[in-house]
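Report on the following structure.
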Amino acid sequence: MAETCQQIAELEVSELEHKQVKEKIKHINDILRAFCTANQLITSEKD
């Protein structure tokens, strides 16, 4: 029983870490999208 509780706790930690990593990836992608948009605006202004 104690082993099962330990496994469940480890899975919960793993799920939390997975969720945090997904949130960080989304944040980084949002920043990248903003840079790309800014780059497009700068490039189009030169033309």
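Some observations on this one:
- Nearest-20 debye value, the chain charge dipole, Cβ charges on Lys, Arg, Asp, Glu: 300
- Taking only the Cα atoms of the chain, the ratio Rg/Rh comes out at 1.50, with Rh defined as the Kirkwood radius.
Computed from the coordinates by the stated procedures, all read-outs in this text should not be read as laboratory data. Predicted model, so just to flag it, every value in this text is computed and none were measured. Don't worry about glycine lacking a Cβ; one is built from the backbone with ideal geometry, like all the others, and counts go over all protein chains shown.
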